[in-house]
Every structure is written in C-alpha cells, then in structure tokens.
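Novice: Take a look at this one; I'll ask things after.
Only the coordinates and a few stated rules stand behind these numbers; no lab work does. This one's a predicted model, so the numbers in the text were calculated from it and none came from an experiment. Cβ placement follows ideal geometry from the backbone for every residue including glycine, while neighbour counts extend to all protein chains displayed.
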Amino acid sequence: MAKRILSAVILSLSFVGIFAQKKDSIKVKHLAPVTIKTYVFPQEKLEYLDDIHQVQVMAGKKTEVIQMSGLVANISEKTGRQIFAKIPGAFVYDMDGSGNQVNISTRGLDPHRSWEFNVRQNGVMTNSDMYGYPASHYSPPMEAIQRIELVRGTASLQYGAQFGGMINYVINQPDTSRKFNFENVSSAGSFGLLSSFNAIGGRVGKLTYYAYYQRRVSRGYRDNSRSDAQAQFASLKYGFSRNLSLTAELGRSEYLYQLPGPLNDSMFYANPRQSTRSRNYYSPDMYLPSLTFDWKLSPSTSLNLVTSAVIGTRSSVQFIGLADLPDTINATTQAYNPRQVDIDKFNSYTTELKFKQDYHLGKVKSTLVAGVRYIHNDLHRRQQGKGSTGSDFDLTIFQPTFGRDVHYRTQNGAFYLENLFRLTPSLSLSPGLRIENGVSKMRGIIAYLPNESVPDDILHHYVLPGVSAQYQVNGLNKVYGGWSQAYRPVIFADVIPATALDRTDPDLKDAFGHNLELGIKGNLFSRLSYDLNFFQVLYRNRIGTVVETDSLGQASFLKTNIGDSRTNGIELYADYRIVESNSYRISVFTSTSWMDGVYINGMVRNGNTNTDVTGNKLETVPQWISRNGLQLAYRQFVAVLQYSYVSKSWSNALNTEIPSSNGAVGLVPGYGLLDLNMSLRVSSGLVFKLSLNNITNKQYFTKRPTGYPGPGIWNSDGRGIVGSINFRI
C-alpha cells in the first residue's frame with residue numbers, strides 16, 4: 001500500500017507507576033495514548049541483485065533491478081524511456097507502434113528487438129532462435145511484471161554469449177495468504193488507446209496459481225498504424241516441501257500491427273503523422289511453455305532444471321519499397337500491385353541445468369556455480385511469396401512456392417563454471433569459464449541461386465574465460481569490476497544473399513570480442529545513492545557488405561566481415577533525496593552515459609566502390625544519453641517529471657550526414673523529451689495513474705533502420721495522454 005501506515009499503532013503505555021512503598025496502596029499514573037502516523041513511499045532508487053542470486057554469481061557484476069510496483073510510468077504502452085529511465089545508457093528504439101514491443105540496448109549495441117540481450121521471463125529464455133534470429137518477439141504486458149532484472153555484458157559467462165548481457169522479466173506473484181486474488185488494470189489514452197489487463201491468483205494447499213489475460217488496441221500516432229495486441233499467461237507451482245517445487249508455465253504474446261511505411265526527410269518535416277503505406281502488416285504470435293524444477297538438496301546445495309520452448313510465427317505482408325516509391329493503383333491492371341508475403345516459423349527447445357554449492361576453504365565460505373545448456377532450433381523461413389493485391393492482413397500466396405524456402409537448424413551445447421572466492425570479508429574474486437559448441441545448417445531453396453549454392457554448415461566453437469571482483473569499501477559502498485569474452489553468431493539474415501547479385505563469404509566468421517567494466521556504487525551522506533562505472537565493448541569481425549569485382553570486371557556485393565569496433569563509455573546513476581519526512585519526500589535523479597563508439601578498422605561498400613571507415617563513428621551510438629527527473633511524493637500522491645536527452649547519431653558506417661532523397665541514410669538528429677507521470681493511491685486496492693507523454697510535442701525519430709520495417713524514417717509518437725485505473729481485491 002502506498003498509503004501504508006507503518007505505525008498506525010496506538011501506544012497505550014500503561015505503567016504500573018512508581019513503586020513508592022506506601023503501606024496501603026500503589027500509585028498508578030495513566031498516560032494519554034500516542035498515535036504515530038507515517039507513509040511508506042514507493043521504492044524510487046534502483047536496487048541490485050545479491051552477490052548470490054538464486055543459483056547465479058552476481059558479485060562483481062553490474063546489476064540493476066527495477067521494481068515495477070514503485071514505478072510511476074506509462075506501462076500500458078511500454079514507454080521504454082520511462083520504464084528504463086534509471087538505467088544509464090539504455091537506448092530505446094521505437095519501431096513497432098506503442099506498446100507492442102520492447103527494443104532496448106545498452107553500451108552502443110543494436111537495440112533491434114533487444115536481440116543483443118539474453119531475454120528471459122521468470123528465468124526462461126524467450127529469444128526466438130539464438131543462432132538463426134536471436135530477437136525476442138515474445139513481449140509480455142508490463143502490467144504483469146513485478147520487477148525487471150538486468151545484468152550487463154559480463155553476464156555472458158552464465159547466461160550465454162550475448163555482448164549485451166541478460167534481461168529477466170519477473171512475473172507478478174499472487175498473495176499466497178489468500179485462496180483467490182483478482183486484479184484489473186484499465187487504461188485509455190490518446191490515439192485510440194484502450195487496454196484491459198486482468199489477473200487472478202492465490203494459493204490452495206500446496207498449489208500456487210497465477211494467470212492473466214490482456215488486450216490492447218490503438219489507432220496509432222501515424223495514419224495507418226493501428227495495433228491490436230493480446231497476451232495470456234498461466235502458472236501452476238506445486239510445493240512438495242519447503243525445499244522442492246515444480247512450476248509449469250505457459251505464456252503467449254501476439255499482436256497485429258499495421259505498418260505506416262517509411263518517410264524521407266521532407267515528408268517527416270512536412271507532416272510526421274502521414275503514411276506512405278496502407279496495406280502493410282506485421283504479426284508475431286509466440287508461445288512460451290516451460291517446466292521449472294527447483295530442489296534445495298541441503299542448506300549449501302541447490303539445483304535448478306528448466307526445460308522450455310519458444311514456438312510461434314512471425315508473419316508479414318507488405319508492398320516493399322523506399323519512402324519515395326508510392327504504393328498506387330497499377331494503370332494496366334486497375335488494381336494495386338501484389339504484396340510480398342514472408343512467414344517465419346520458430347521451433348526452439350532448450351534445457352538448462354544449474355547447480356550451486358557452498359563450501360569452505362579454511363574459515364572462508366566460497367560458492368561454486370555450474371551449468372549446462374542444450375538448444376535445438378529449427379527456424380523455417382519462407383519469404384518473397386507473391387501475395388494479394390488487397391488491403392487487409394492476408395497471407396495467401398498466388399504462386400505455388402516462395403522465392404525463399406529455407407530451414408536453418410541449430411544444435412548448441414554449452415557448459416559454464418564460475419567460483420566466488422571470498423578472500424576476505426571485504427574482497428571477493430569470481431573467475432569463470434564458458435564453453436560453447438554448436439553447428440548451424442542451412443538447407444532449402446532460393447529461387448535466384450543454384451540449388452548447390454544453398455547448403456551451408458557453420459560451426460561455432462568457443463572457450464570464453466572471464467573474471468569479476470568486488471571490494472566492500474565499507475558497509476555502504478562497493479568497488480566492482482570484471483572482464484569476459486563474448487561472441488555474436490552469424491545469423492540467418494547474414495547467410496542468405498539478398499539478391500542474385502549478392503554473395504555470402506564462405507569464410508564468414510562469428511563476431512567476437514569482450515566486455516570490460518570497472519565501477520563503484522553505494523550510498524553517501526545517507527541521502528545519495530549512486531553507481532558510477534567505466535566500460536569497454538570490443539566487437540571484432542563485424543558483418544557488412546563490400547564490393548567485389550571478378551576477372552571480367554563484373555561487380556557483385558559480398559556479405560563478409562568488414563572490420564572491428566570499440567566502444568568506450570562512462571555510466572552514472574545518482575538519486576538524491578532533497579528532503580524527506582513522514583508525509584512527503586522530494587528527490588532528483590540522473591541516469592547519464594557518455595559513449596565513444598568507433599571503427600578501429602574497417603572497409604564497407606560505398607556505391608560500387610569500397611571505402612575505408614577506420615576512425616568513423618559506430619551506427620546508432622549517440623555520444624550522450626541522459627535522463628533526469630524530479631520526484632515528489634506526498635502521502636498517497638506521487639509525481640515524476642522527467643527530461644530525456646539523446647544526442648545525434650549516424651545511420652551508417654560511412655557517417656553520411658546529408659540525408660538521401662529516400663531517407664534511408666543520413667544523420668539522426670538529437671532530441672529532448674519531457675514527460676510527467678502521476679499516481680494517486682486511494683486505498684490498498686485502488687490506484688489512479690496519469691501519464692503526459694512528450695509534453696512539448698517534439699517530433700523525432702530514434703534511428704534509420706537498414707532492414708525491417710524498411711529503410712527510412714520511422715518517427716515516434718508526439719504528445720499524448722494515458723490514464724489508468726488499477727483495482728485489486
């Protein structure tokens with residue numbers, strides 16, 4: 001409860017007086033009752049994971065925990081700059097319409113569908129295909145999330161080889177003291193937003209259950225940008241004993257988004273809400289079943305076994321073309337031109353076994369964690385189907401086959417080992433090792449290539465060492481740091497040549513490099529919480545396209561490893577409570593990062609020639625990302641005024657500044673946004689929320705994509721308002 005009365009305690013202090021030794025009686029003095037009233041305010045500052053979190057070592061790593069119950073933000077539309085406001089360097093890419101997807105990265109990595117992170121829900125991996133297409137299409141509603149756990153790049157040893165690290169969305173837990181709970185969150189807002197989230201849960205005997213259903217529709221900020229999304233989830237947990245439990249879960253995430261098409265710069269500045277497409281649609285439909293077995297064999301030994309799957313489709317029907325190519329009636333046929341149909345089918349199965357053992361070296365307690373993971377994927381990609389000339393979401397194809405019909409099958413086995421040595425009560429060291437062994441096999445038909453050119457086998461063999469350390473300066477401050485290696489496997493899109501003029505390098509290598517970080521965090525002067533760190537991401541064997549000329553002078557485009565990059569940066573989070581009393585609190589925060597991402601060597605295609613890009617800035621890496629806020633809490637009322645600033649960035653490795661006529665390349669201007677979020681808790685079961693987003697109506701865009709949803713400008717939402725009612729019984 002936000003109006004939680006910590007001490008609504010009536011102190012009736014009845015003293016049996018002062019024993020004045022009198023012959024006949026004892027004097028009793030009655031004191032007046034005293035009532036002490038105060039309020040528990042929502043948790044505003046970031047939290048961190050414990051040194052040992054479940055069966056994982058977190059000591060020495062950069063971790064962050066966002067408690068959603070204390071977050072005053074526009075969660076019905078998953079507004080990333082507000083949800084991740086206190087995560088320094090969080091780059092949010094608005095691409096799929098409000099509320100459909102979370103596209104986030106840190107430290108200068110690619111934010112596309114958060115695919116540089118190992119994305120999890122309740123510890124279960126949600127990435128669609130770790131080797132074929134590591135994007136996370138599964139996207140639960142934020143109303144269902146209890147907290148978000150982040151572990152930066154050095155998490156690659158335990159969670160996988162991603163450069164970004166790990167994000168875990170932890171689903172709400174029911175009140176286990178009751179047999180039945182019900183929650184409803186209803187939201188309405190600008191651009192036709194209507195959302196309803198409903199959840200039930202409770203505990204009956206040894207069985208704990210929780211389930212939700214969410215539906216959200218929106219007309220969209222731009223013309224022809226409607227969304228219709230839904231999500232379901234059910235969880236059953238049976239506790240055989242205090243030390244043994246089995247959890248079965250099934251989640252689903254689905255939405256249909258009408259793609260309004262890319263804009264070029266003149267279109268954007270003339271009318272950013274206009275549309276260049278009215279017949280384009282995109283729809284992922286993902287299922288996430290899992291079984292989790294937790295067994296605490298002894299006070300010092302724990303075992304965790306998870307078997308899960310990601311099953312679903314990612315479908316689109318589009319008239320594909322750049323912003324300056326209109327989708328109009330064909331004069332010959334008196335109908336629209338046929339659209340292209342693409343359908344991906346995901347079948348990804350994962351089993352993970354994790355083990356934790358506490359032991360002693362002399363008098364010093366240490367902890368060993370180890371794990372194995374096996375993944376089997378079959379990504380079936382069907383593309384370039386000749387679709388209908390209609391205007392609705394129709395995946396019918398009017399030719400017998402797709403232009404591309406390919407399976408990308410992967411097997412991956414991984415083993416990791418990490419040991420937390422507590423060398424002294426203040427100093428700990430955690431060396432670790434991860435071994436990755438896998439193979440990706442592509443088979444199928446690509447219409448514009450000879451059949452013998454399609455089969456491709458790619459091996460992935462890596463031994464990835466790492467180490468992290470932590471020193472407790474005093475009871476309130478820690479110095480932490482670590483180094484670990486990581487890699488990014490060659491994915492499906494890298495292997496398939498785009499056209500008959502394109503080729504894929506048979507010696508194409510996985511991207512490989514390291515994460516390095518050193519920081520200090522803690523509390524100063526009882527009111528200041530902070531986390532300051534330096535990081536470096538080294539990314540070798542980046543993949544791109546160069547021009548290749550044969551002996552006859554014929555040019556073709558080769559997908560290959562084009563160079564190496566390095567991103568250095570500084571991240572600062574600070575939260576300062578200016579004043580605090582029993583009934584009100586005023587505080588300010590900043591979450592700011594400075595990044596310098598450059599090519600340390602590289603050669604890329606520039607028209608029909610190649611250009612050296614050594615020293616150029618990395619694409620989509622703004623030098624500054626800064627989010628700053630003023631937080632006010634008065635009794636049951638909380639308000640947060642937030643200013644977000646993102647500096648300019650480049651859309652390509654050539655650092656093209658003047659935009660092309662179609663808007664596909666060019667500078668991405670910096671922008672600043674102002675948001676106001678408010679919350680009023682009327683009672684323990686009733687909360688009202690109001691969000692004023694982009695108050696100044698800033699017209700902006702976050703990047704110029706090179707692939708989906710199409711090269712050009714995809715601008716973000718202007719000024720809008722969202723109101724929510726949260727009801728619980």
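Novice: Based on alpha-carbon atoms only, what is the radius of gyration of the stretch 294-353 relative to the globular estimate 2.2 N^0.38 Å?
Specialist: 2.37
Novice: Once the Cβ-Cβ distance between TYR269 and LEU524 is put in as r, and R0 is 41 Å, what FRET efficiency do you end up with, to the nearest 0.05?
Specialist: 0.35
Novice: Follow-up. Rounded to the nearest whole Å³, what is the per residue volume of the convex hull around the Cα atoms of the stretch 56-163?
Specialist: Cα convex hull per residue, to the nearest whole number: 103 Å³.
Novice: Counting other C-beta atoms within 10 Å, which of MET142, MET267 has the fewest, and how do the rest follow?
Specialist: Fewest-to-most Cβ neighbours within 10 Å comes out as MET267, MET142.
Novice: Mind listing P(r) for the stretch 106-258? All alpha-carbon pairs, 5 Å bins, whole percents.
Specialist: Computed distribution, short to long bins: 2, 8, 15, 17, 16, 16, 13, 8, 3, 1, 0, 0.
Novice: What is the Rg over Rh value, at two decimals, for the stretch 388-427, using alpha-carbon atoms and the Kirkwood definition of Rh?
Specialist: In the stretch 388-427, Rg relative to Rh is 1.56.
Novice: Return VAL579, VAL479 ranked ascending by Cβ neighbour count within 10 Å, so the fewest neighbours appear first.
Specialist: VAL579, VAL479
Novice: A further question on this structure: Can you list the equivalent-ellipsoid semi-axes of the stretch 576-632, largest first and in whole Å, using the square root of 5 times each Cα gyration tensor eigenvalue?
Specialist: 47, 9, 5
Novice: Kindly put VAL588, VAL613, VAL687 in sequence by how many other C-beta atoms sit within 10 Å of each C-beta, fewest to most.
Specialist: VAL588, VAL687, VAL613
Novice: Considering all alpha-carbon pairs of the stretch 399-530, what whole percent are spaced by more than 21 angstrom?
Specialist: In whole percent, the long-distance tail amounts to 60.
Novice: Then there is this: In the stretch 256-327, what is the volume of the convex hull around the alpha carbon atoms, normalised per residue and reported in Å³?
Specialist: Hull volume over Cα atoms, normalised by residue count, gives 155 Å³.
Novice: Trypsin sites (Lys or Arg not before Pro) within the stretch 111-195: which are DSSP loop residues with at most 16 other Cβ atoms inside 10 Å?
Specialist: Listed in order of number, the matching sites are ARG178, LYS179.
Novice: Highest first, please rank the peptides 124-136, 462-474 by the mean number of other Cβ atoms sitting within 10 Å of their residues.
Specialist: 124-136, 462-474
Novice: Please find the FRET efficiency linking LEU476 to VAL372, where r is the Cβ-Cβ separation and R0 is fixed at 56 Å, and quote it to the nearest 0.05.
Specialist: For LEU476 and VAL372, the calculated efficiency is 0.90.
Novice: Now a separate question. If you stretched the chain out fully between ALA335 and ASP507, how much longer would it get, using 0.36 nm times the residue separation minus the C-alpha to C-alpha distance?
Specialist: 57.4 nm
Novice: Nearest 0.05, what FRET efficiency do TYR349 and ILE600 give at R0 = 30 Å with Cβ-Cβ as r?
Specialist: Rounded to the nearest 0.05, the efficiency is 0.20.
Novice: OK, next. So what are the radius of gyration and Dmax for the Cα set of the stretch 104-171, in Å?
Specialist: Computed over the Cα atoms of the stretch 104-171, radius of gyration and Dmax are 11.0, 31 Å.
Novice: Give me the percent of Cα-Cα pairs in the stretch 180-223 that sit more than 17 Å apart, rounded to a whole number.
Specialist: Of all Cα-Cα pairs in the stretch 180-223, 48 percent lie more than 17 Å apart.
Novice: Which trypsin sites (Lys or Arg not before Pro) from the stretch 59-95 combine a DSSP loop assignment with at most 16 other Cβ atoms within 10 Å?
Specialist: none
Novice: Something else now. List the pair-distance distribution P(r) of the stretch 651-711, using every Cα-Cα distance, as the percent of pairs falling in each 5 Å bin from 0 up to the bin containing the longest distance, rounded to whole percents.
Specialist: The percentages, shortest bin first, are 4, 14, 17, 13, 11, 11, 9, 7, 6, 5, 3, 1.
Novice: Using just the helices of the chain, give the 222 nm mean residue ellipticity in deg cm²/dmol: DSSP H runs with n ≥ 4 each add -39,500 (n - 2.57), and the total is spread over all residues, rounded to 500.
Specialist: After summing the helix terms and dividing by the residues of the chain, the value is -500 deg cm²/dmol.
Novice: So, one more: Once you put a point 7 Å from the Cα of ASP457 and another 7 Å from the Cα of ILE729, both along the Cβ direction, what distance in nm separates them?
Specialist: For ASP457 paired with ILE729, the spin-label model returns 6.3 nm.
Novice: Would you kindly compute the Cα radius of gyration of the chain and its largest Cα-Cα separation (Dmax), both in Å?
Specialist: Cα only, the chain: 27.6, 125 Å (Rg, Dmax).
Novice: For the stretch 591-679, what mean projected area does the convex hull of the alpha carbons give, in nm²?
Specialist: Its average projected convex-hull area is 7.5 nm².
Novice: Same structure again: To the nearest µm²/s, what D does Stokes-Einstein give for the stretch 252-377 at 25 °C and 0.890 mPa s, using the Kirkwood radius over alpha carbon pairs as Rh?
Specialist: 125
Novice: Starting from the Cα of LYS648, draw a straight line to each of the aspartates and glutamates and keep only those under 12 Å, dropping any in the same chain fewer than 8 residues away.
Specialist: By straight Cα distance, LYS648 reaches GLU619, GLU657.
Novice: As an exercise, find the ratio Rg/Rh for the stretch 552-703 from alpha-carbon atoms, using the Kirkwood inverse-distance average for Rh.
Specialist: We get a ratio of 1.18 for the stretch 552-703.
Novice: Something else: Using Stokes-Einstein with the Kirkwood hydrodynamic radius over Cα pairs, what translational diffusion coefficient do you get for the stretch 545-595 at 37 °C and a viscosity of 0.692 mPa s, in µm²/s rounded to a whole number?
Specialist: 199
Novice: Convex hull volume of the Cα atoms in the stretch 499-553, per residue, in Å³?
Specialist: Enclosed volume per residue, from the Cα hull, is 134 Å³.
Novice: So, one more: Loop-only check: which chymotrypsin sites (Phe, Trp or Tyr not before Pro) in the stretch 480-572 are DSSP coil with at most 16 other Cβ within 10 angstrom?
Specialist: Sites meeting the loop and neighbour criteria: PHE525.
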